[in-house]
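Trainee: Before anything else, here's the structure in question.
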Amino acid sequence: MAEVAALTRPDAIHWCDGSDEESEALIAQMQADGTLLPLNAETNPGSWLHRSHPDDVARVEHLTFVCTREQADAGPNNHWMAPDEAHAKVDALFDGCMRGRTLYVIPYCMGPIDSPLSRCGVEITDSPYVVANMRLMTRMGADALARIEREGAFVKGLHSIGELDPERRFIMHFPEELTIKSYGSGYGGNALLGKKCHALRIASFQARNEGWLAEHMLIVGIENPQGETHYVAAAFPSACGKTNLAMLIPPEGYRRDGWKVWTVGDDICWMRPGADGRLYAINPEAGYFGVAPGTSAKSNPNALETIRKNTIFTNVGLTADEQPWWEGLDNGQQPATDWRGNAYDPDQGPAAHPNARFTVSAKQCPSWSPMAEDPQGVPISAIVFGGRRASLVPLVFEARDWTHGVLVGAAMGSETTAAATGAVGVMRRDPMAMKPFCGYNFADYFGHWLSFDKTGAKLPKVFHVNWFRKGDDGKFLWPGFGDNLRVLEWMIGRVKGEAGGVETPIGHLPTADALNLDGVTLSEEAKAKLFGFERTGWKAEFDSIGEYLDGYGPRMPQALRDEQQRIAGL
Ligand code: GTP
Ligand code: SPV
Ligand code: MN
């Protein structure tokens, strides 16, 4: 601490205790200096708008580094810099950067305070906006500090918004030192260090050494009419539907029959084998940092209800009476001001930035699961991988066994989204939705996944879904959102050995009558594309998957290459 203060030279130091008084004082200060703008107090009580610097609206994958001693340990999947060089580079930027500012010390716990699966960290930052967000997203303050003092070990994070200059911006990870240094951005994934930097990049590295998994997955509980709840963990890349699936509202008929959906987490999942051989999962987060555009009373009513109060909105538009507004909100209101604060002009682009976000406490979600606080976590029945694929990939298929399931995850492809700076809609390999987040070599990561298949293990079944298949007219063929429960129901049926499937080279697809489609109208084209196996296209896909795996050289586990070879024959 003294070292950091000597380097950064803040005017004042504040230790965060997480109290209401502290939060109120910070918010008052941010309101006074314009960091937070008050929203309509009647429609959005306790809620604020933050407009970020227009060049600082998303994660910056090209400026994110994993700094292991050996470059090969970071893998071809990460940008790498030698630790000494990285420290020197970023410390030069931190030198004196907090002059005139307050340094905040944020002790936080990822996961329930009393869970053996949880891990703590301390983030030092000069951004009160980061403090306010960390308060919603983590268990922050006195309780976390007490656990840190008891345990001794914690992840050290240093953050400064610097000058918000994209040329002077770095997100550096030192997994071997349990250290993060982030400079020059105030955006969520770059600045809320408990989230992607700690809970995914550093935690994935720790998890490999300690025999657990840190994943970019939602966790959702599906309660059937008999009152049994099955927990499902699903990895979709950024802005590909995790929040929506986690908060799903069952279609009318299912609701009548008594189906219920429970939200445990919407972005990150830590899991480890329990004494009974099953995988048990916790959500290390305490809030949601969700995508605003596309969130409506139709697509995600639970999210809309969650963000009715006590919410920080970042880079949304505003109506004339200061209500938050975004594309796809569909509530009959019109935007007056865009996310930059200019009068809304459709010729100047959307009113909300496509990666506009809301930050809110998880407990405000109507479907929030009390099991999210269980220190032992929830047992996982199914793991789901999925991407945004306009062509080829059917609605759902099931992997034959664990090794095949690991290949299905390793082979994931998805079209890029606005969650990271760069081109949108470009198909890339995003294994297990962890391309931007795995803190070590993917070849070792796949090997770690394979290692869970051992005597006594009762592993979940593995599935792959694609909500984003398009027809010849360029429109989505599957209604998605609430109707995705039909697919989850089939998966649970498979877990229980009750639902039908047909074997194909890529795995089991549902038989024609195995999926409940009551109330869904699908064209013949839709049925063929959503439930069909396209041999020629898959042949080419498997060649491309083979090339991808080969790119990792001999470090890639042979079992995975054998599995790819076996299927590539088709
Ligand atoms: P991160 O927070 O970036 O990790 O993203 P996420 O995976 O939680 O994404 P989110 O659920 O916020 O979804 C992002 C976008 O996908 C939104 O625009 C949604 O409207 C859209 N989306 C989600 N589920 C579906 C679906 O089932 N079908 C279709 N067509 N779109 C969906
Ligand atoms: C993602 O990009 O996957 C997010 C948002 O969940 S952020 O926390 O900014 O990375
Ligand atoms: Mn995410």
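The values are calculated or read from the model by the stated rules, or taken from the named source; none is laboratory data. Quick caveat, the model's predicted, so the values are computed rather than measured. Note that we place each Cβ from the backbone using ideal geometry, even for glycine, and neighbour counts take in every protein chain shown.
Trainee: In region 416-433, which residue that is in a strand (DSSP E or B) and surrounded by fewer than 18 Cβ atoms within 10 Å (Cβ to Cβ) is nearest to ligand 2 (Cβ to nearest atom)?
Mentor: We begin by selecting, within region 416-433, every residue in a strand (DSSP E or B); these are 420, 427-429.
Those left that are additionally surrounded by fewer than 18 Cβ atoms within 10 Å (Cβ to Cβ): 427-428.
Working: M427: 18, R428: 14 Å.
Only one residue tops the list, namely R428.
Trainee: Output the number of residues of region 304-341 satisfying the condition of being under 16 Å from L36 (Cα atoms) and surrounded by fewer than 23 Cβ atoms within 10 Å (Cβ to Cβ).
Mentor: Going through region 304-341 one residue at a time, the tally reaches 7.
Trainee: Within region 59-70, does at least one residue satisfy the condition of being without any contact (Cβ under 8 Å) to a residue 24 or more places away in the chain and farther than 30 Å from M30 by Cα?
Mentor: Quick first cut of region 59-70, residues without any contact (Cβ under 8 Å) to a residue 24 or more places away in the chain only: 70.
Restricting the remaining residues to those that are farther than 30 Å from M30 by Cα gives 70.
There is at least one residue in region 59-70 that is without any contact (Cβ under 8 Å) to a residue 24 or more places away in the chain and farther than 30 Å from M30 by Cα.
Trainee: Restricting to helices (runs of 4 or more DSSP H) lying wholly in region 166-281: which have 2 or more residues that are touching a Gly at 6+ places or on another chain (Cβ under 7 Å) and modelled with pLDDT of 95 or more?
Mentor: Numbers: elements: 188-191, 203-210, 242-246, 252-257.
Filter on region 166-281 gives 203-210, 242-246.
Trainee: Using beta carbons and a limit of 8 Å, which pairs, at least six apart or on different chains, have the first residue in region 418-438 and more than 18 Å from R389 (Cβ to Cβ) and the second one more than 10 Å from ligand 2 (Cβ to nearest atom) and among the basic types (K, R)?
Mentor: The qualifying pairs are F437/R201; C438/R201.
Trainee: Does at least one position in region 69-88 carry a residue that is at pLDDT 95 or above, within 20 Å of S238 (Cβ to Cβ) and in a helix (DSSP H, G or I)?
Mentor: No, region 69-88 contains no residue that is at pLDDT 95 or above, within 20 Å of S238 (Cβ to Cβ) and in a helix (DSSP H, G or I).
Trainee: Going through region 475-509 one residue at a time, which ones are part of a loop (DSSP other than H, G, I, E, B) and either touching a residue at least 40 places away in the same chain (Cβ under 8 Å) or over 28 Å from G294 (Cβ atoms) (or both)? Talk me through it step by step, then tell me what you get.
Mentor: Taking region 475-509 first, the residues part of a loop (DSSP other than H, G, I, E, B) are 475, 477-480, 496-500, 505-506.
Those that are part of a loop (DSSP other than H, G, I, E, B) and either touching a residue at least 40 places away in the same chain (Cβ under 8 Å) or over 28 Å from G294 (Cβ atoms) (or both): L477, W478, P479, G480, K496, G497, E498, A499, G500, P505, I506.
Trainee: If I filter region 494-544 down to residues being of a type in the set (A, V, I, L, M) and farther than 19 Å from V393 by Cα, which single residue comes out as nearest to the chain's Cα centre (by Cα)? Before you say what the answer is, go through the steps one by one.
Mentor: Restricting attention to region 494-544, the residues satisfying the condition of being of a type in the set (A, V, I, L, M) are 495, 499, 502, 506, 509, 512, 514-515, 517, 520, 522, 526, 528, 530, 540.
Now drop any that are not farther than 19 Å from V393 by Cα, which leaves 495, 499, 517, 520.
Values: V495: 25, A499: 30, L517: 29, V520: 29 Å.
Within region 494-544, the match that is nearest to the chain's Cα centre (by Cα) is V495.
Trainee: Oh, and also: Any idea which of V462, V424, V393 is touching a Phe, Trp or Tyr at 6+ places or on another chain (Cβ under 8 Å), assigned by the TED database to the domain that holds Y231 and closer than 20 Å to H216 by Cβ?
Mentor: Working: V424 fails: touching a Phe, Trp or Tyr at 6+ places or on another chain (Cβ under 8 Å); V393 fails: touching a Phe, Trp or Tyr at 6+ places or on another chain (Cβ under 8 Å).
Sole residue among the options that is touching a Phe, Trp or Tyr at 6+ places or on another chain (Cβ under 8 Å), assigned by the TED database to the domain that holds Y231 and closer than 20 Å to H216 by Cβ: V462.
Trainee: If we scan region 413-424, do we find a residue that is closer than 15 Å to I506 by Cα, of a type outside the set (S, T, N, Q) and modelled with pLDDT of 95 or more?
Mentor: Yes, the conditions are met somewhere in region 413-424.
Trainee: State yes or no: is V384 more than 17 Å from the chain's Cα centre (by Cα) and β-branched (V, I, T)? So that I can check it myself, show each step before the final result.
Mentor: Details: more than 17 Å from the chain's Cα centre (by Cα): no; β-branched (V, I, T): yes.
So V384 fails the test.
Trainee: Residues that are outside any helix (DSSP H, G or I), basic (K, R) and in the same structural domain as A410 (by the TED database): does region 518-530 have at least one?
Mentor: Quick first cut of region 518-530, residues outside any helix (DSSP H, G or I) only: 518-523.
After this cut, where a residue has to be basic (K, R) as well, the list is none.
There is no residue in region 518-530 that is outside any helix (DSSP H, G or I), basic (K, R) and in the same structural domain as A410 (by the TED database).
Trainee: Being outside any strand (DSSP E or B), at pLDDT 95 or above, in the same structural domain as D165 (by the TED database) and over 28 Å from the mean Cα position of the chain (by Cα) is the requirement here; does A41 meet it?
Mentor: On the way: outside any strand (DSSP E or B): yes; at pLDDT 95 or above: yes; in the same structural domain as D165 (by the TED database): no; over 28 Å from the mean Cα position of the chain (by Cα): yes.
So A41 fails the test.
This table checks each residue for (1) more than 16 Å from ligand 3 (Cβ to nearest atom); (2) of a type outside the set (V, I, T).
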| position | (1), (2) |
| --- | --- |
| T179 | yes, no |
| Y187 | no, yes |
| H216 | no, yes |
| P225 | yes, yes |
| L248 | yes, yes |
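Trainee: Scan A320, A286, A297 and give me the residue that is within 16 Å of ligand 3 (Cβ to nearest atom) and hydrophobic (A, V, I, L, M, F, W, C).
Mentor: Values: A320 fails: within 16 Å of ligand 3 (Cβ to nearest atom); A297 fails: within 16 Å of ligand 3 (Cβ to nearest atom).
So the residue among A320, A286, A297 that is within 16 Å of ligand 3 (Cβ to nearest atom) and hydrophobic (A, V, I, L, M, F, W, C) is A286.
Trainee: Also: Tell me which residues, restricted to region 401-415, are out of contact with any Gly (no Cβ under 6 Å at 6 or more places or on another chain) and either farther than 26 Å from G474 by Cβ or assigned to a strand (DSSP E or B) (or both). Break it down stepwise before answering.
Mentor: First, pick out the residues of region 401-415 that are out of contact with any Gly (no Cβ under 6 Å at 6 or more places or on another chain): 401-411.
Within region 401-415, D401, W402, T403, H404, G405, V406, L407, V408, G409, A410 meet the criteria.
For every residue, the table says whether it meets (1) more than 12 Å from ligand 1 (Cβ to nearest atom); (2) of a type in the set (V, I, T); (3) under 17 Å from H464 (Cβ atoms).
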{"residue": "S185", "(1), (2), (3)": "yes, no, no"}
{"residue": "L200", "(1), (2), (3)": "no, no, no"}
{"residue": "R208", "(1), (2), (3)": "yes, no, no"}
{"residue": "L213", "(1), (2), (3)": "yes, no, no"}
{"residue": "M217", "(1), (2), (3)": "no, no, yes"}
{"residue": "G221", "(1), (2), (3)": "yes, no, no"}
{"residue": "Y231", "(1), (2), (3)": "yes, no, no"}
{"residue": "S238", "(1), (2), (3)": "no, no, no"}
{"residue": "K242", "(1), (2), (3)": "no, no, yes"}
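Trainee: Kindly state which strands (runs of 3 or more DSSP E) lie completely within region 353-399 and contain at least 2 residues that are in contact with a strand residue (DSSP E or B) (Cβ under 8 Å, 6 or more places away or on another chain) and within 16 Å of ligand 1 (Cβ to nearest atom).
Mentor: It comes to 357-361, 378-386.
Trainee: While we're on this one: Let me confirm something: among W326, W339, which residue is within 16 Å of ligand 2 (Cβ to nearest atom), free of Cβ contacts under 8 Å to residues at least 60 places away in the same chain and in contact with a strand residue (DSSP E or B) (Cβ under 9 Å, 6 or more places away or on another chain)?
Mentor: W326
Residues are listed down the side, and each one gets a yes or a no for (1) within 17 Å of the chain's Cα centre (by Cα); (2) near ligand 2 (Cβ under 10 Å from one of its atoms):
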| position | (1), (2) |
| --- | --- |
| E177 | no, no |
| N190 | yes, yes |
| N224 | no, no |
| A235 | yes, no |
| S238 | yes, yes |
